[in-house]
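> If you scroll down you'll find the structure; I have some questions about it.
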Amino acid sequence: MTKKTDKHETVDETIQKETAQNPESAVVEETASEQASYTLTAEEFAAAKAHIEAITKEKDETVTLLQRIQADFDNFRRRNASIRLDSYEEGKRDTVKELLPALDNLERALDAIPAENASFREGIAMVQRQMLDSLKKLGLEEIENDCKFDPTKHEAVMREKVEGKESGEIVVVFQKGYRMGDRIIRHCMVKVAE
């Protein structure tokens, strides 16, 4: 069965005319039809099958290796993010720890200024308050010292019998203690009742 084109010419006739005009296209069609019908011997088929299996195995190994490398990289990125955050927090703690003696000195200066120098005292108090507020923004908290002695928070430098105080109660605070989050920056130096 042949199809008619717009000019009432069959498709077979059109192909025959094109082949007569261009003999190379006929050779290409013959080669394509030869390639499509190529047959393999049993040995050639087994060799081709083994080659395909080897290439498939190599591809699977490469995919597995790439997945492993991707997982390692993801773990590396998470670990580095954690280390970077820990390093930042440790740097903050170290900086605050170095500033604590200056904060202590401001407090000592306030205690040493006589009452007659009220304006000078007020200026020192403002500087101390500003410094303490800045350190609190970084996460600094004062350790409570109006409680029982806690060796994780306090450092007992003296023991003394005091009437009206139970054993283990804090009597005097020599130096304030501070923490940042759950980390102790400096223990509170205290005198404890026996």
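Values in this text are rule-based calculations from the coordinates and carry no lab data. All values derive from a computational prediction rather than experimental measurement. A quick note on method: Cβ atoms are made from the backbone with ideal geometry, for glycine too, and the neighbour counts reach across all protein chains shown.
> Could you give the size of the charge dipole of segment 52-191 about its Cα centre, using +1 on the Cβ of each K and R and -1 on the Cβ of each D and E, expressed in debye and rounded to the nearest 20?
On the way: 25 positive and 28 negative charges, 24 e Å.
In debye, rounded to 20, segment 52-191 gives about 120.
> Amide H neighbours of residue 171 under 5 Å, counting only residues 5+ apart in sequence or on other chains, H built in-plane at 1.01 Å?
191, 192, 193
> Residue 84 versus residue 102, label points 7 Å from Cα toward the beta carbon: distance in nm?
2.8
> Continuing with the same structure: Tell me which residues come under 5 Å, amide H to amide H, from residue 143 once H is placed; ignore anything under 5 positions away on its chain.
177, 178, 179
> Of the listed peptides 45-55, 101-111, what is their order by residue-averaged count of other C-beta atoms within 10 Å, with the highest listed first? Write out the running numbers ahead of the final one.
Numbers: 45-55: 10.5, 101-111: 13.0.
My ranking of the peptides, most packed first, is 101-111, 45-55.
> Which order do the peptides 80-91, 153-164 come out in when sorted by mean C-beta neighbours inside 10 angstrom, highest first? All intermediate terms of the calculation are to be shown ahead of the outcome.
Details: 80-91: 10.4, 153-164: 12.6.
Descending packing order for the listed peptides: 153-164, 80-91.
> Another question about this same structure. What does the charge add up to near residue 152, with Lys and Arg as +1, Asp and Glu as -1, over the other residues with Cβ less than 11 Å from its Cβ? The partial results should precede the final answer.
Details: positive: 153, 179; negative: 150, 155, 182.
With Lys, Arg at +1 and Asp, Glu at -1, the neighbours total -1.
> Which three extents, in whole angstrom, do the alpha-carbon atoms of segment 38-194 cover along their principal axes, largest first?
Cα spread of segment 38-194 along its principal axes, largest to smallest: 113, 41, 16 Å.
> Place a label point 7 angstrom from the Cα of residue 95 along the Cα-to-Cβ direction, then list the residues of segment 120-134 whose backbone nitrogen is under 19 Å away.
Only 128-134 pass the distance filter.
> Test of understanding: express the Cα radius of gyration of segment 43-122 as a ratio to 2.2 N^0.38 Å, with N the residue count. Write out the running numbers ahead of the final one.
On the way: Rg = 33.6 Å, N = 80, 2.2 N^0.38 = 11.6 Å.
So the Cα radius of gyration is 2.89 times the expected 2.2 N^0.38 Å.
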